[in-house]
Amino acid sequence: MKKNRTKGLLREAAPEPTGLPGILMDSRKALRELVMSSGLAVFGQMLEDDRTGLCGPRHKPSPDRSAYRHGHDEGSLVFGGRKVRLRKPRVRSIDGEEIELPSWERMSAEDPLRDRIVEQALLGVSSRGYERSLEPLPAEIRSHTTKRSSVCRRFVARTAAQVQAFLSRPLGDLDFPVILIDGTALGDHVLIVAMGIDVIGRKHILGVSVGTTESEQSVRSLFRNLIDRGLVVERARLFVIDGGKGLKKAIRATFGEWALIQRCQVHKLRNVRDYLPKHRQAWVKAAMRKAWSSGTVATARQRLTHLAEQLRADHPDAAASILEGLEDTLTLIRLGVGGTLQKTLCSTNAIENLQGAIKRVVRNVKRWRGGSMALRWCATALVEAEKRFRRVKGHRELPQLVAAIEAVVNKNSLDTKEKVA
């Protein structure tokens, strides 16, 4: 007990850092305060120069004067991620109307503050921790708008405007032969995201729809938004989806024979694996991958059907899962797509990577207050993720893919007409 008490006293009586560390700490503090005070002094001089330009030199009467000095007031400006209160010179016209100083008017916009708040949120700073994330100010400068409520209000204002602009971008000038669709859950809400790949392999976030499930209605609502913004319906196109029945129905109802569907092979492997005991999972996984690597649709279909027959007696659910949607897992083989592009488009991994970006941005959100909040956060994360998009792997093979899609769609259309005739 005596030793612990002695250690506590030593800690309490520990001297301030001396020598080189102490000098460096004092220098950093002095430099920061010097830069801040010097910058504010320069800004103050700019305001006085504006006032002189409007009112003329001090103590020199002029008959042509159109304004006069009217003392000082206190105003707020954005500074270092917060608003600070500064002494502001005032000017009035001869008629008694307040005149805004040009320098003050240029510096009074709140956009830098809102942008800083959004940037901090993207980096994982919570609204409660925002104030602590900022550089300290000299004691004589008073600040505000750093508390949780102020930060939240400005974040909502900025992201709401960002979402509106993001979800109304025109799509008519771009061509998307490939579209990937996937959903991500935020609380009780499911955000359905559509990502397009253009003819040179660049990825674009096309739109987002919020609902409670990946239902046909939610996906069709998303498609209506994309079409209203210029997405062409009558264009041969490949859709890559995770296998949800609502997704497929919405694609067929909206795009009809113009759409080819590639079922995500990774999701199919997971679905089959969930019906199998652990000791059989690796073998079945290898067998399915070997089938999909076959050069022809007939060989792949035969191998998958044979695998389902082998599993039917002991694992009927796994066998049924293999056969369910089997033809949609073979679309890329039917199109003759191989190599790197086949590995890119055989699954929804390209769009599922966005889920990681969304989860990182929203990790500090503990309570979701409605679908609009989930949509704002999701769109904010997608806007940030889109800045770092690269062209898809295998993009040089896209011209061959586009030609193959158009050939298959045209053939299916002719076959349909012949059947009707």
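The values are calculated or read from the model by the stated rules, or taken from the named source; none is laboratory data. Worth saying up front: this structure is predicted, and the values here are computed from it rather than measured. Positions of Cβ are backbone-derived with ideal geometry, glycine not excepted, and every protein chain shown enters the neighbour counts.
Brief remarks follow.
- 2 or more residues within 30 Å of S127 (Cβ to Cβ) and modelled with pLDDT of 85 or more: qualifying helices (runs of 4 or more DSSP H) within the range 1-116: none
- Within the range 243-273, restricting attention to residues that are assigned to a helix (DSSP H, G or I) and of a type in the set (D, E, K, R), the residue that is surrounded by the most Cβ atoms within 10 Å (Cβ to Cβ) is K268.
- Selection of first residues in the range 362-380 that are crowded, with 16+ Cβ neighbours inside 10 Å and of second residues that are in a loop (DSSP other than H, G, I, E, B), restricted to Cβ pairs under 7 Å at least 6 apart or on distinct chains, gives the following pairs, ordered by first then second residue: A374/G187; A374/W368; W377/V362; W377/V365; A379/L167.
- Filter result (surrounded by 14 or more Cβ atoms within 10 Å (Cβ to Cβ) and of a type in the set (D, E, K, R)) within the range 225-235: R229, R235
- Filtering the range 168-186 to residues that are touching a helix residue (DSSP H, G or I) at 6+ places or on another chain (Cβ under 7 Å) and either part of a helix (DSSP H, G or I) or closer than 16 Å to G230 by Cβ (or both) leaves L171, P177.
- Here M195 clears all of (1) closer than 30 Å to R289 by Cβ; (2) without any contact (Cβ under 8 Å) to a residue 40 or more places away in the chain; (3) buried (at least 16 other Cβ atoms within 10 Å of the Cβ) except the condition numbered (2).
- So E234, is it of a type in the set (D, E, K, R), more than 19 Å from C346 (Cα to Cα) and in contact with a Gly (Cβ under 8 Å, 6 or more places away or on another chain): no
- Checking each residue in the range 68-114 for being farther than 21 Å from F43 by Cα and either touching a strand residue (DSSP E or B) at 6+ places or on another chain (Cβ under 8 Å) or of a type in the set (V, I, T) (or both) picks out S93, I94.
- Count - residues of the range 123-165 that are among the hydrophobic types (A, V, I, L, M, F, W, C) and in a loop (DSSP other than H, G, I, E, B): 6
- Restricting the range 86-107 to residues that are under 38 Å from the mean Cα position of the chain (by Cα) and surrounded by 14 or more Cβ atoms within 10 Å (Cβ to Cβ), the residue that is nearest to C55 (Cα to Cα) is P102.
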